[in-house]
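Working notes, beginning with the structure itself.
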Amino acid sequence: MVQFVAFFGSLIFNFLAQTFGSKRAVMLSLLIWIGTLVYIYGWLQSVLQFFILGAVIALVLGGSQALSRSLYSQMIPKGEEAEYFSLYEISDKGSSWLGPLLFGLAFQFTGQYRVAILSLAVFFILGLALLSLVDIRKAEVEASNIKGSGANHNHNRQRR
């Protein structure tokens, strides 16, 4: 179910990105992730709610993964895609142990799975806070990925 529904999530978030901008759409996905974890903590009670939650997670998962990569690629200087996406993959794989570590520690200290799940909201809140500080337009201009930029041309001359 998750893979099938995630496809539709990527289409929905593509529409949201075109309508409101990529940054806002990614920020919305982070808010949905936070809301999902809060819902699990406080209100998840039945199997039906679990399956509905699975569909919501699939929608936001498909959208947030595709859109965050797209947003990231807009800020990468032309010709340096391999280096930047290598860094992206290293940080993705290198940090994949942080979630399970926090979850395990929260469960070990509290003995409650709901608290352990809620503890993961820290990562989404941190991501939301950091993303809110990013000036996407400026990053695109500096990467020369949009017209009207001479900023990166001078930088490239200095690097040569």
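The condition of being within 23 Å of LEU120 (Cβ to Cβ) and assigned to a helix (DSSP H, G or I) holds for only one of PHE8, PHE50, PHE15, that being PHE50. Inclusion of SER86 among residues that are part of a helix (DSSP H, G or I), modelled with pLDDT under 95 and polar (S, T, N, Q) is warranted.
Residue check, ASN145 against (1) modelled with pLDDT under 50; (2) not in a helix (DSSP H, G or I), all met but one. Which one? It fails just one condition, (1).
Could you please give the count of residues in segment 31-86 that are among the charged types (D, E, K, R) and within 16 Å of ILE12 (Cβ to Cβ)?
The qualifying residues number 0.
In the set (1) farther than 19 Å from GLU140 by Cα; (2) of a type in the set (Val, Ile, Thr); (3) surrounded by fewer than 19 Cβ atoms within 10 Å (Cβ to Cβ); (4) at pLDDT 95 or above, the condition left unmet by THR19 is number (1). Here's a check for you: in segment 63-118, which residue that is among the β-branched types (Val, Ile, Thr) and closer than 26 Å to GLN3 by Cβ is nearest to the chain's Cα centre (by Cα)? Only one residue tops the list, namely ILE90. Condition test on PHE4, is it within 24 Å of SER70 (Cα to Cα), over 18 Å from the mean Cα position of the chain (by Cα) and modelled with pLDDT under 95? Yes; evaluated as a whole, the condition is true for this residue. Taken together, VAL60, VAL38, VAL134 contain a single residue that is touching a Lys or Arg at 6+ places or on another chain (Cβ under 8 Å) and either touching a residue at least 40 places away in the same chain (Cβ under 8 Å) or within 23 Å of ALA6 (Cα to Cα) (or both), which is VAL134.
For segment 21-43, the condition of being among the polar types (S, T, N, Q), in contact with a Ser or Thr (Cβ under 9 Å, 6 or more places away or on another chain), under 30 Å from VAL115 (Cβ atoms) and part of a helix (DSSP H, G or I) holds for at least one residue.
The values are calculated or read from the model by the stated rules, or taken from the named source; none is laboratory data. Computed from a predicted model, the values in this text were never measured in an experiment. With ideal geometry, Cβ positions are generated from the backbone for all residues, glycine too; neighbour counts draw on all protein chains shown.
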